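What follows is a short report on a single structure.
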Amino acid sequence: LLQDEKMLGVCIADIGGGTTDIAVFVDGDIYYSSAIPVGGNHVTHDISVGLRASHEESERVKREQAAASVSLMAPDELFEVLSLGSDEPRLLPRRILAEIVEPRMHELFLMIRQEILKSGYHNLLPAGIVLSGGGSQLVGAAELCQQVTGMPTRVGSPRDVGGISNDLRSPVYATAIGLVQYGARHHHSSHQGQHENSLMGKFQRFFARIMARAVGG
């Protein structure tokens, strides 16, 4: 999140594998948080059932070919999928894949909207919604979220990180990078009062060195 977003009022939705974590920021602080029991694994499962494919194949198809909205798919676009028990891939219209994915993503964004209403801060979020996590990488996810929630939506990625590869600047790693940055910033203050030769002190210094390298410090 941008600091200005947190001050204005914003909701971040981190779409993980099994859950989507919600946090509502107002005046720079978290005022509401919750977890929704729907995430990227549910989309993968829907694809697996709809296409009769393994979980691994469905995950690949989701990452490489899926979109959050049917309207984004041209009728003549095709993709390959290997069905269970078959050695030869099938060619299917990408529109079929979007028809499987869109209802689940629509459900998720509707649940996010309900959580924002439940928080009582829905009128205090001019910065809208920021999507993060692996599920946010679906083509058209931000656009569908904006359509369902009626709130401006963007996809957020890790910011202000040096010394790491571009691969780690993906929304997939937003939580991990954020935790490392948080730990690096707060290490010195938490270290005060710890005896340098204590086990905890040694652990903190070791962890701090790892985190400093990870964030390019």
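The values are calculated or read from the model by the stated rules, or taken from the named source; none is laboratory data. The structure presented is a predicted model; accordingly, all values stated were derived computationally and were not measured. Cβ: placed from backbone, ideal geometry, glycine included. Neighbour counts: every protein chain shown. The protein model used for the area step is the full one, side chains on, heavy atoms only, and it has no ligands, DNA or RNA in it. Shrake-Rupley method; radii C 1.70, N 1.55, O 1.52, S 1.80 Å.
Here are a few things to note about the model shown:
- A cut-off under 15 angstrom between Cβ atoms defines the neighbours of Tyr32, and their net charge, with Lys, Arg +1 and Asp, Glu -1, is -2.
- For the listed peptides 41-54, 85-98, a ranking on the average number of other beta carbons within 10 Å per residue, highest first, reads 41-54, 85-98.
- A simple charge model with +1 on the Cβ of Lys and Arg, -1 on the Cβ of Asp and Glu and nothing else charged puts the dipole of region 66-109 at about 120 debye relative to its Cα centre.
- Given in Å, the Rg to one decimal and the Dmax to the nearest whole number for the Cα atoms of region 1-116 are 17.2, 56.
- Solvent-accessible area per residue, Å², over region 1-151 with all protein chains present [probe radius 1.4 Å]: 49
- 5 angstrom amide H check on Val139, placed H, neighbours 5+ away: Ala68
- Proximal charge balance of His106 [Cβ under 13 Å; K/R count +1, D/E count -1]: -3
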